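The values are calculated or read from the model by the stated rules, or taken from the named source; none is laboratory data. Keep in mind that this is a model prediction, so the values were computed, not measured. Heads up, the Cβs are rebuilt from the backbone with ideal geometry, glycines too, and the neighbour counts pull from every protein chain shown. Ligands, DNA and RNA are excluded from the accessible area calculation, which covers all protein heavy atoms including side chains. Shrake-Rupley method; radii C 1.70, N 1.55, O 1.52, S 1.80 Å.
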Amino acid sequence: MPDTTALAAPLPALVNPYRQKKAALLDALRHSGSALRGARAGLTRLSKLADETLITLWRQAGFDKHTALAAVGGYGRAELYPHSDVDVLVLLPAGADPRRDEKLRQGIEQFIASCWDAGLEIGSSVRTAQECLSVARDDITVQTALLEARLITGSRALFRDFHQRFVAELDPLEFFNAKRLEMRQRHAKYEDTPYALEPNCKESPGGLRDLQMVLWTARAAGIGKRWEDLRQADLLSAHEMRQLRYNESLLAAVRTRLHLIAGRREDRLVFDLQNAVADSFGFKHRLTPEGRVALRASEILMRRYYWAAKAVMQLNQVLLQGIEERLRAKRGEPAPAPRRINERFLDLGGLIEIASDDLYEREPPAILETFLLYARTPGLKGLSMRTLRALYNARHVMDHAFRVDPANHKTFLAILQQPQGLTHAFRLMNHTSVLGRYLWVFRRIVGQMQHDLFHVYTVDQHILMVLRNMRRFFMAEHAHEYPFCSQLAAGWDKPWILYTAALFHDIAKGRGGDHSELGAREAHRFCQQHGIARQDARLIEFLVREHLTMSRVAQKEDLSDPEVIQTFARRVGNERNLTALYLLTVADVRGTSPKVWNAWKGKLLEDLYKLTVRALGGRAPDPGALIESRKREALVQLARASEPHEAHRALWDTLDVSYFMRHDADEIAWHARMLSRHVRKPGAPASAAPLTLVRARISPYGPGLQVVVYASDRPDLFARMCGYFDRAGFSVLDAKIHTTRDGHALDTFQLISALDAEHYREFVSMVEADMPKAIDNPAPLPAPRLGRVSRRVKSFPIAPRIDLRPDDKAQRWLLTVTANDRVGLLYSIARVLAEHQIAVDMAKIATLGERVEDSFLLQGAQLQHGPTQLDIEQELQEVLEAQ
């Protein structure tokens, strides 16, 4: 029994030395610079310091010789991160029960309390050996923690008996299968990629947990608990062991710095900390000859992290396959019988197996042939351990001679031209580093961060996502996702041209300069090297050079303006180019982030495509014919809704050509149904108070609301409407502003809600009831309340840009604003314009992740005066820079 009277002694003699020694160790870790070996040694010293303190506290507690104290989990591996828990197991002899033995219970409680008092962040469990075994049978996490148990002090015999019984009960293959399932679920949580922009260096694919997974299963299989043990068991080559050690040290150093900088347990490389972690390693910005930042220090850090995580994922896959083979062979399970594919490759249970270990050394073209087989052969689901290892160790073979070999050019084009398996083949090529070794220009963007606030993937992952999206347009099973894209793709004769454009569209990111132009040059070089026909090459180059154009025109320009359509049509040249550009644009926007694409953007792109097809067909836009067509279609809809004959006339007589050019037939009919009865007929007496009418409906263009406002026009009207939308939690996607001949505003908005996207029907009545009150409020416009910017924006802010200039016809002014997104921004801009009596004629609101690119068509005679224009620009700049 513990002698609890010994615990009455004061603790400062233990507390102060432990905390002082730990502080000194942490300070040494902070100043270890880029040295990786020192970081691992520091974790071991932290573990030893905890051991020494626990031993002293254990002895002071006076536990008898039949109990034991063991380290479990990560602490059991004798590595302790600065703010990780010190996980321990108080191992009791059989029959001991703190619930019935009061002195034992008090002693354990006081021991654990003294650990906390001493500064140890303890995580404890108290069990007998039998209780440990019982809990472990049903809990793989407990089983894993106990697998790494290490005796700190106490009864060696008790700990040895527990360990022997634990090992005897452990089923290595069952443990392996459970841990592999757990790993797959963990990887799925992180989208099966190590390239998240804020990765978890412990849990993400390619993180420390993947290395620990290998050692856990190796230990359970009786192979060993160190990399040296796997090397002696011929599961690792000397080169692979060096790579594992280096990458493990790098990941451990990153995790250590995260703990130190955050001052708490933090395993995520969040944007807030990336710069500080990079600085702690001594990384500096890389500058261009002109002195501009070409590569941020944080980008250098993240690229090193991604390369390490990628290598860990590759070796994790190799080693787990090897361990599984050993376990199944040990159990007597027969290995799958190989099936011959050709003289170089075998099918080993659905995995591609090389016929000889030196295949790639002898025949380098077989490297790309591996992936061609993977794409074209049904039933193949991956690469065997032998093949993965051979690819990993054949990197030196993929040199300049490999890249210029005509045989490899032919095979690579054949992969691009496969009717199925393309996406999986390219992902596997990137995973095994073959893609970057063959396309050297692709290697430059592997792990390349993007700080544009709307891409959520690294450049290489974004490219592969766009390639996947493009491939889906040609797959019948995905036709329901984007029917119009699938319809166009069905009539396209050479899908591989679009795949190649997708592969190159962002390949020049991160170099400085125009990545579209630089990428087109790289595409030109690729087409020349691979013997692609001139006409096809020109189309690929065009697509890469212009891949941003269609999105810009659709989201920022007035599609009701015939000159906009004609200018765009001249730029694309012909319908084949237009169709290809449309498909690439949709695939690209969808591949940036799940938050960027929405149905409204899809409608804008589709409208631009259809309008441009008409222009390219020699049918110059005829505003008169278009308006009459829309009116006829709207009248049909009104008749179907049983609207009285000529009821629409009162409203339509107040509208000019621009209204009918900007609105489609469905909107024209809806406006007539909602508003016509409220329009004052000529000669009728004016009402006592101006009418403010708001009507809303579920948007016909996807999730969201469509709102129409009919009110007496006034300079602050647009600002008041934007203020209401901000307060109600709506984001404006588009605004069509129109003033009738009798002085009323007829404004139509496309809205989405960031708060509750599931209850748009309930929002209809709310908007119709509350918005008129906000519009008619006689009080002055309230000061804007700008919301906080996100962590990502704080870490990677963009300089706000304002461009105010007259349009091509010098009749209106075009205001373009680019800034970090935040709540209240649109209202703040509208308020500045209202204070200067500037009328908003049209607003195009483009939110790209956490960046906004808003365009406004403005009217106001005062804009002709230089001082007023400068005042407006200055006030807008102050709004955008407000903290």
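Could you go through segment 553-562 and let me know if any residue there is assigned to a loop (DSSP other than H, G, I, E, B) and of a type in the set (A, V, I, L, M, F, W, C).
yes
Would you please list the contacts, defined by Cβ atoms under 8 Å and residues six or more apart or on different chains, that run from a residue in segment 760-774 that is farther than 19 Å from D716 by Cβ to a residue that is surrounded by fewer than 17 Cβ atoms within 10 Å (Cβ to Cβ) and among the basic types (K, R)?
What qualifies is V764/R697.
Conditions tested, residue by residue: (1) touching a residue at least 24 places away in the same chain (Cβ under 8 Å); (2) surrounded by fewer than 21 Cβ atoms within 10 Å (Cβ to Cβ); (3) of a type in the set (S, T, Y); (4) within 18 Å of A735 (Cα to Cα).
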| position | (1), (2), (3), (4) |
| --- | --- |
| M550 | yes, no, no, no |
| V586 | yes, no, no, no |
| V596 | yes, yes, no, no |
| T612 | yes, no, yes, no |
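When both residues are 6+ apart or on different chains and their Cβ atoms are under 8 Å apart, which pairs have a first residue that lies in segment 835-846 and is touching a residue at least 24 places away in the same chain (Cβ under 8 Å), and a second that is of a type in the set (G, A, S) and surrounded by 22 or more Cβ atoms within 10 Å (Cβ to Cβ)?
The qualifying pairs are V840/A735; V840/A830; M842/A735; A843/A735; K844/A735; I845/A735.
Condition first: open to solvent by 20 Å² or more (accessible area, probe 1.4 Å), over 43 Å from the mean Cα position of the chain (by Cα) and either modelled with pLDDT of 90 or more or aromatic (F, W, Y) (or both). Now tell me which residues in segment 658-691 satisfy that.
R673
In segment 802-834, what residues are at pLDDT 80 or above, over 17 Å from Q859 (Cβ atoms), in contact with a helix residue (DSSP H, G or I) (Cβ under 7 Å, 6 or more places away or on another chain) and not in a strand (DSSP E or B)?
Those that are at pLDDT 80 or above, over 17 Å from Q859 (Cβ atoms), in contact with a helix residue (DSSP H, G or I) (Cβ under 7 Å, 6 or more places away or on another chain) and not in a strand (DSSP E or B): G824, L826, Y827, S828, R831.
Determine if segment 427-447 includes at least one residue that is open to solvent by 40 Å² or more (accessible area, probe 1.4 Å) and under 19 Å from H547 (Cβ atoms).
Looking for residues that are open to solvent by 40 Å² or more (accessible area, probe 1.4 Å) and under 19 Å from H547 (Cβ atoms), one finds at least one in segment 427-447, hence yes.
Looking only at segment 102-122, count how many residues are more than 17 Å from P17 (Cβ to Cβ), modelled with pLDDT of 85 or more, surrounded by 20 or more Cβ atoms within 10 Å (Cβ to Cβ) and not aliphatic (A, V, I, L, M).
Looking only at that region, the number is 1.
Could you check segment 232-242 and list, in sequence order, the residues that are part of a helix (DSSP H, G or I) and open to solvent by 20 Å² or more (accessible area, probe 1.4 Å)?
Q232, A238, H239, M241, R242
Inside segment 123-139, can you point out the residues that are surrounded by 17 or more Cβ atoms within 10 Å (Cβ to Cβ) and in a helix (DSSP H, G or I)?
Passing the criteria: A129, C132, L133, A136.
R761 - would you say it is of a type in the set (D, E, K, R) and surrounded by 14 or more Cβ atoms within 10 Å (Cβ to Cβ)?
When the stated conditions are applied, R761 does not pass them.
Of the residues D192, D229, which single one is open to solvent by 20 Å² or more (accessible area, probe 1.4 Å), assigned to a loop (DSSP other than H, G, I, E, B), out of contact with any helix residue (DSSP H, G or I) (no Cβ under 6 Å at 6 or more places or on another chain) and not aliphatic (A, V, I, L, M)?
Answer to the selection: D192.
If I filter segment 207-217 for residues that are open to solvent by less than 50 Å² (accessible area, probe 1.4 Å) and either modelled with pLDDT under 95 or at positive phi (or both), do I get at least one hit?
no
I need a count of the residues in segment 145-160 that are surrounded by fewer than 21 Cβ atoms within 10 Å (Cβ to Cβ) and either free of Cβ contacts under 8 Å to residues at least 24 places away in the same chain or closer than 13 Å to K179 by Cα (or both).
Total satisfying the criteria: 2.
Would you say E290 is among the acidic types (D, E) and either at pLDDT 95 or above or in a helix (DSSP H, G or I) (or both)? Steps first, please.
Values: among the acidic types (D, E): yes; either at pLDDT 95 or above or in a helix (DSSP H, G or I) (or both): no.
No: the conditions fail for E290.
Every residue, every condition in (1) within 22 Å of L146 (Cα to Cα); (2) charged (D, E, K, R); (3) in a loop (DSSP other than H, G, I, E, B), yes or no:
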| position | (1), (2), (3) |
| --- | --- |
| E174 | yes, yes, no |
| N177 | yes, no, no |
| M183 | yes, no, no |
| R186 | yes, yes, no |
| K202 | yes, yes, yes |
| P205 | no, no, yes |
| R209 | yes, yes, no |
| Q212 | yes, no, no |
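Filter segment 835-862 down to the residues that are of a type in the set (G, A, S), open to solvent by 10 Å² or more (accessible area, probe 1.4 Å) and either closer than 15 Å to A719 by Cβ or out of contact with any Phe, Trp or Tyr (no Cβ under 6 Å at 6 or more places or on another chain) (or both) and list them by number. Outline the logic, then answer.
Narrowing segment 835-862 to residues of a type in the set (G, A, S): 839, 843, 846, 849, 855, 860-861.
Those still in the list that are open to solvent by 10 Å² or more (accessible area, probe 1.4 Å) too: 839, 849, 860-861.
Hits for segment 835-862 are A839, G860, A861.
Would you mind finding the one in R296, R303, R268, R286 that is open to solvent by 20 Å² or more (accessible area, probe 1.4 Å), under 21 Å from L26 (Cβ atoms) and touching a strand residue (DSSP E or B) at 6+ places or on another chain (Cβ under 9 Å)?
R268
Which condition from (1) open to solvent by 40 Å² or more (accessible area, probe 1.4 Å); (2) out of contact with any helix residue (DSSP H, G or I) (no Cβ under 6 Å at 6 or more places or on another chain); (3) not in a helix (DSSP H, G or I) is the one that R245 breaks?
It fails just one condition, (3).
Any chance you could count how many residues in segment 584-608 are of a type in the set (D, E, K, R) and under 15 Å from Y499 (Cβ atoms)?
Count: 1.
Return only the number of the condition from (1) closer than 19 Å to T193 by Cβ; (2) in contact with a His (Cβ under 8 Å, 6 or more places away or on another chain); (3) hydrophobic (A, V, I, L, M, F, W, C) that V446 does not satisfy.
The single condition V446 does not satisfy is (2).
Would you please name the residue that is farthest from S433 (Cα to Cα), looking only at residues in segment 354-392 that are among the charged types (D, E, K, R) and under 34 Å from the mean Cα position of the chain (by Cα)? Spell out how you get there, then give the answer.
Quick first cut of segment 354-392, residues among the charged types (D, E, K, R) only: 357-358, 361-363, 369, 376, 381, 386, 389.
Imposing the further condition that a residue be under 34 Å from the mean Cα position of the chain (by Cα) reduces the set to 369, 376, 381, 386, 389.
Working: E369: 15, R376: 20, K381: 18, R386: 16, R389: 12 Å.
Among those residues, the one meeting the criterion is R376.
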